[in-house]
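K.L.:
This is the structure, below, for whatever I ask next.
Please treat every number below as a calculation from the coordinates, not as lab data. Computed from a prediction, not measured in an experiment: that's the story for all the values here. Glycine also receives a Cβ, built like all others from the backbone with ideal geometry; neighbour counts cover every protein chain displayed.
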């Protein structure tokens, strides 16, 4: 039985993670998170992981590991990570059910923490111990 995953990924996101890690072979994966900033209040972050943080959530994919920053879990719960290439923008896309509003440029969002049921908390704790 697969463990509880904070986020899900699309084929395009998994492929891009693999490409990033192929040229950064010392990295253990990428970490996604959120930080204060932008006109709507919060911005997503993506960074290379040199060393995982103990207890942080991770999503194993065939192309590489995606870590979720501990302080971002409730803001990213249920998010689908995608990757898109358009005429105007290339990058990861966060399809996040916790977005309560976004700025016009799309670079920042207002997030409401997800409410976790007792069952979700148990599954999350079990997956962290695995």
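K.L.:
Rank these for me by crowding, 81, 21, going from fewest to most other beta carbons within 10 Å. Spell out each step's value before the answer.
P.N.:
Values: 81 27, 21 19.
So the residues, fewest neighbours to most, are 21, 81.
K.L.:
Here is a follow-up. What is the extension gain from residue 74 to residue 24, computed as 0.36 nm multiplied by their sequence separation minus the C-alpha to C-alpha distance, in nm to one decimal?
P.N.:
Working: separation 50, 0.36 × 50 = 18.00 nm, distance 2.87 nm.
Between residue 74 and residue 24, full extension yields an extra 15.1 nm.
K.L.:
Can you tell me the length gained on complete extension of the stretch residue 15 to residue 36, counting 0.36 nm per residue apart and subtracting the Cα distance?
P.N.:
4.7 nm
K.L.:
Of 79, 90, 65, how do they rank once you tally other Cβ atoms within 10 Å and put the fewest first? Walk me through the numbers before you get to the answer.
P.N.:
Values: 79 24, 90 10, 65 17.
Placing the least packed residue first, the sequence is 90, 65, 79.
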